[in-house]
Amino acid sequence: MSRPYYITTAIHYPNGRPHIGHAYEMIAADAIARFQRQQGRDVRFQTGTDEHGLKMVKTARDRGVEVRALADEMSGYFHEMADKLDISCDRFIRTVEPDHYAASQAIWKAMEANGDLYLDRYEGWYSVRDEAFYEEKELVEGEGGEKLSPQGTPVEWTAEETWFFRLSKYQQPLLDLFASQPDFIRPESRRNEILRFVEGGLTDLSVSRTSFDWGVPVPGSPGHVMYVWVDALTNYITGVGYPDDSAMFDKYWPADLHLIGKDIVRFHTVYWPAFLMSAKLPLPKQVFGHGFLLNRGEKMSKSVGNVVDPMELAELYGVDALRYFLLRDVSFGNDGTFSDEAIVTRANADLSNSFGNLAQRVCAFIAKNLEGKVEAGRADTADDALIADVDAACDGFAKAFEELALSQGIESWMTGVFACNAFIDVQAPWALRKTDPERMHAVLGTLLKAIHRLAVTIEPVVPGSSAKLIAQLGHDAATGAFNIAAPSPIFPRLELQQSEEA
Ligand code: MSP
């Protein structure tokens, strides 16, 4: 039986439509999930929406709609985006779903049974935008002298009766975890940040709210709903059957990878493992905090008006061009910048001019002149050398993807494409048709084998196009023969359009 692999994205706040940052995270997770499936792992992949909390309540109030109606509408757009972008998730979870209420209440009771929850009064700063509590010493001053969170978001003074979680008790266990599992937090820069934060001391965390009721009710405590991050983080175990389906839970939990953005690493590497320790549940194996996507180097925000709709980009340039660009041009873990020009330039250079053109030329020639089939021919050492180069390129892809070095993996794959193009230049198969057909058949056969391996390897990045190309090659796995259909271009040359900024 194949080993399970459980990967999750953050669940997104549906307080507005999805933007390209949300798309980026789903695409990266999808590429990893698809890659792991190719490796024969039994993959479970979850994404979804995080629908409770004050931010949702306030957005709904501002728009004059019911909060549930807002959640339903916006969550629908996230789901639609996942479909459009070929996100192969096994579950799109919504935190308003009944099994999620049950899981949240079950983990709450487990933490309570462990003596980690107590009732008290919270007074302090809260950022609705971050859904986070901050200590006075963490705040920074805004341009007008106002207090801001370390993330630069507005904070408001909050005073209410709440349940507290004994986070302070977990300072040492967390430090022990970071020491014994050095790759629990990746990349290294985020790990150092969190280490410093935890070493600085942890204060108990307010984990319920009484000033509004849009959340999961705290069991046995009328008037209290759970702090949104308690229920949000719990989604990861809801999705694998906690607490009732122990067969599924034991199979997929602990998760292999929580893929999230760098702004929410603290919640995932401090609060979440502490909650799990308290509930006596196993800890995820790894949390990876990817960087932020910037629009021409600028942070995207509604007030600047430079937020980009991923569906529009996919519409203009194609889903796979967008996926390829994001995974190839952003060094995974770092911030990355995008623009229409950069997407078009990258997709044309790699997909259209190099890989697409290679496949198109070879397939068109075989379909037109050889009725779609090549014969055994006369092989020589150049053929073995090309296959060795392509194998090395594809193995490099796999090794890099295993380590989440996604852009390096694609770079390695491209060296295989370049090797094929160089092989064509040297072997000149079109000219051999008249002079040495036996050699021509061998050259083309070698190229088909190479193109097939390249197409299979790049599937996690450009699934739709890869599937089309593989179908076109008509590869028979049993005999290894190809039966080439008249090709239609799979990676059309893109023209620069101008996407609109919302
Ligand atoms: N709801 C919380 C997460 C709860 S997880 C238990 C949240 N939601 S969010 O909608 O604000 O962000 C969802 C994910 O998108 C986060 O991982 C966040 O880092 C990521 N991104 C948001 N803006 C982004 C960019 N501009 N670029 C890349 N990723 C970004 O936080």
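No value in this document is a laboratory result; all are computed from the given coordinates. On a predicted model such as this, the values are computed, not experimentally measured, just so you know. As a convention, Cβ positions derive from the backbone with ideal geometry for all residues, glycine included, and neighbour counts pool all protein chains shown.
Structure above, values below:
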{"read-out": "The chain: relative contact order as a whole-number percent, Cα under 8 Å and 6+ apart", "value": "15 percent"}
{"read-out": "Length gained when the stretch ALA485-ASP245 is fully extended (0.36 nm per residue, less Cα-Cα span)", "value": "81.7 nm"}
{"read-out": "Degrees, to the nearest 10: 188-199 long Cα axis against longest axis of the chain", "value": "10 degrees"}
{"read-out": "Modelled FRET efficiency - R0 45 Å, THR153 with LYS399, Cβ distances, 0.05 increments", "value": "0.70"}
{"read-out": "Positive-end residue, the chain charge dipole about Cα centroid, Cβ charges, pick of LEU205, ALA342, ILE260", "value": "ALA342"}
{"read-out": "Percent of beta bridges antiparallel (DSSP, the chain, rounded to nearest 5)", "value": "50 percent"}
{"read-out": "Pairwise Cα inverse-distance average, inverted: Kirkwood Rh of region 246-402 (Å)", "value": "20.3 Å"}
{"read-out": "Computed over the chain, Kirkwood Rh from alpha-carbon pairs, angstrom", "value": "24.9 Å"}
{"read-out": "Where labels lie 7 Å past Cα in the beta-carbon direction, separation of VAL456 and ALA385 in nm", "value": "2.5 nm"}
{"read-out": "Of the trypsin sites (Lys or Arg not before Pro) in region 287-362, those whose Cβ has at most 15 other Cβ within 10 Å and which sit in DSSP loop", "value": "ARG296, LYS299, LYS302"}
{"read-out": "Share antiparallel - DSSP beta bridges, region 4-291, percent rounded to 5", "value": "50 percent"}
{"read-out": "Contour minus Cα-Cα distance for LEU496 and ALA431 (0.36 nm per residue)", "value": "19.8 nm"}
{"read-out": "For region 6-107, size of Cβ-based charge dipole, Lys and Arg +1, Asp and Glu -1, in debye", "value": "180 debye"}
{"read-out": "Lys, Arg +1 and Asp, Glu -1 on Cβ, resulting dipole of the chain about Cα centre, debye, nearest 20", "value": "960 debye"}
{"read-out": "Under DSSP loop assignment and at most 16 Cβ neighbours within 10 Å, longest GluC sites (Glu not before Pro)-free interval of the chain", "value": "147-370"}
{"read-out": "Computed FRET value (nearest 0.05) for GLU123 with SER2, which takes r as the C-beta separation and R₀ as 41 Å", "value": "0.20"}
{"read-out": "Label zone at ALA467 (point 7 Å along Cα-to-Cβ), backbone N below 11 Å, region 4-42", "value": "none"}
{"read-out": "Shape metrics for region 4-291, restricted to C-alpha atoms - Rg then Dmax, Å", "value": "18.2, 56"}
{"read-out": "Spin-label zone in region 265-283 - amide nitrogen under 13 Å from a point set 7 Å from the Cα of ASP176 along the C-beta vector", "value": "277-278"}
{"read-out": "If the convex hull is drawn through the Cα atoms of region 340-473, its volume per residue in Å³", "value": "105 Å³"}
{"read-out": "Lys, Arg +1 and Asp, Glu -1 on Cβ, resulting dipole of region 148-199 about Cα centre, debye, nearest 20", "value": "200 debye"}
{"read-out": "Segment ASP213-SER168, length gained on full extension (0.36 nm per residue, minus Cα span)", "value": "13.5 nm"}
{"read-out": "Computed [θ] at 222 nm, helices only, for the chain once each DSSP H run of length n ≥ 4 contributes -39500 (n - 2.57)", "value": "-14500 deg cm²/dmol"}
{"read-out": "Where a label projected 7 Å from the Cα of VAL65 along Cα→Cβ would reach, residues of region 459-502 with amide N under 19 Å", "value": "502"}
{"read-out": "Tail beyond 16 Å, pair distance distribution of region 226-267 (Cα, percent)", "value": "44 percent"}
{"read-out": "Shape of region 237-299, Cα gyration tensor, a/c cut at 1.5", "value": "prolate"}
